[in-house]
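Input: a single structure, listed below in structure tokens.
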Amino acid sequence: MPTRYFKRLAGAAMVAALCGAGPAAALTVFACEPEWAALTRVLWPEAKVHVATHVGQDPHHIEARPALIAQLRQADLVVCTGGELEAGWLPVLQQRAGNPRAQDVFFAADQVKLIDPQPSAVGSPWAGDVHAHGNPHVHLDPRNLLSVANALAARLLTVLPGQQAVLEQRRQAFAQRWSGLLAQWGAQAAPLRGKTVAVQHASFGYLWHWLGMRPVADLEPKPGMPPTPGHLQRLLETLKTQPPMAVVIAVHQDARAGRWLSGQLGAAVPILVLPATVAENADGAALERWMQTLVSSLLQAAGSR
């Protein structure tokens with residue numbers, strides 16, 4: 001089905017080109033995270049897209065490498081998560097790149113309602129990774145991608161004047177396809193509602209919110225701080241009486257603490273190491289496959305209990 005979807009997009013672009021309204025000059029986009037690179041490629045596959053992070057990295061903590069500075073210097077548009085996720089490294093890149101076009105960033109978090117705001121939170125080395133405005137990992141609720149895609153198409157039009165027909169065709173095709181998948185995933189995931197998980201960080205917070213699942217323990221003593229033996233031991237004592245469905249961590253996190261906790265709780269509580277995003281060179285079809293992988297992995301864990 002993804003193949004048919006992208007054939008429709010390609011067909012729309014061909015028709016527009018034959019009518020004299022096809023893609024114009026090349027567009028260079030700097031995406032902070034792979035999910036926004038993939039969404040950009042859905043709406044404008046002609047773009048040259050640089051991606052600052054990959055699935056094996058924690059997007060909170062990225063080094064401002066010379067290669068990233070050079071890529072940002074070339075960008076016509078910058079697409080990031082926002083919600084303070086890149087606060088520790090994006091401003092440094094912007095300053096060193098010296099690109100006026102890179103100052104007005106498109107932030108996905110500005111297009112949706114954030115969950116779990118902490119208005120009184122103050123970040124410090126002792127408080128961990130706290131986000132006063134809310135959890136920034138908005139792409140883990142697939143419903144949010146519809147709102148972000150609508151806003152991103154509008155932003156793309158500001159740097160691609162004259163391409164409204166092509167962008168609108170692609171936006172509508174994505175919205176139709178994605179809405180159908182949301183209904184499909186919602187039906188598949190119905191058995192997960194009310195299930196509990198032990199997690200590491202709030203990386204999948206929006207996923208739990210969408211699926212109606214409950215995180216009942218966090219391996220991190222404070223957000224962004226590594227698990228400690230004492231904290232893990234306390235979690236173990238608490239979870240023995242009411243074991244969660246699974247221990248879930250992200251690919252970019254150290255799995256040792258999760259494996260230990262899962263091992264102590266027994267075979268009925270598996271550890272799931274899940275990708276928190278797609279590959280950096282992914283397209284829209286990969287977004288679909290990634291979300292299906294998350295749902296299928298959780299259903300498999302639920303069925304093992």
List pairs: first residue in the stretch 118-147 and within 12 Å of Leu207 (Cα to Cα) and among the charged types (D, E, K, R), second residue assigned to a helix (DSSP H, G or I) and modelled with pLDDT of 75 or more anywhere in the structure, Cβ distance under 8 angstrom, at least six positions apart or on different chains. Asp141/Tyr206; Asp141/Leu207; Asp141/His209; Asp141/Trp210; Arg143/Leu182; Arg143/Trp210
Taking only pairs six or more apart or across chains, which ones have beta-carbon atoms under 6 Å, a first residue in the stretch 25-50 that is part of a helix (DSSP H, G or I), and a second residue that is among the charged types (D, E, K, R)? Pro34/Glu280; Ala38/Asp283; Arg41/Asp283; Leu43/Arg170
Please state which one of Val166, Val197 is among the hydrophobic types (A, V, I, L, M, F, W, C), crowded, with 20+ Cβ neighbours inside 10 Å and not in a helix (DSSP H, G or I). Val197
Val295 vs. criteria in a helix (DSSP H, G or I), under 26 Å from Ala37 (Cα atoms) and in contact (Cβ under 8 Å) with a residue 60 or more places away in the chain: yes
Please verify whether Ala301 is crowded, with 16+ Cβ neighbours inside 10 Å, in contact with a strand residue (DSSP E or B) (Cβ under 9 Å, 6 or more places away or on another chain) and farther than 15 Å from Ser203 by Cβ, treating the condition exactly as stated. yes
So, of the residues in the stretch 29-53 that are surrounded by fewer than 18 Cβ atoms within 10 Å (Cβ to Cβ) and not basic (Lys, Arg), which turns out to be nearest to Thr277 (Cα to Cα)? Pro45
Please verify whether the stretch 151-162 includes one or more residues that are of a type in the set (S, T, N, Q) and in contact with a helix residue (DSSP H, G or I) (Cβ under 8 Å, 6 or more places away or on another chain). no
From the list Ala26, Ala64, Ala37, which residue is among the hydrophobic types (A, V, I, L, M, F, W, C), in the same structural domain as Arg170 (by TED's automatic domain parsing) and at pLDDT 95 or above? Ala37
Would you confirm whether or not the stretch 56-71 contains a residue that is in contact with a Ser or Thr (Cβ under 8 Å, 6 or more places away or on another chain) and not in a loop (DSSP other than H, G, I, E, B)? no
Would you point out the residue of the stretch 169-194, among those that are within 30 Å of Asp58 (Cβ to Cβ) and in contact (Cβ under 8 Å) with a residue 24 or more places away in the chain, that is surrounded by the fewest Cβ atoms within 10 Å (Cβ to Cβ)? Gln188
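The values are calculated or read from the model by the stated rules, or taken from the named source; none is laboratory data. All of these numbers come straight from a predicted model, not from anything done at the bench. Neighbour counts are summed over all protein chains in view; Cβ atoms, including those assigned to glycine, are modelled from backbone coordinates with ideal geometry.
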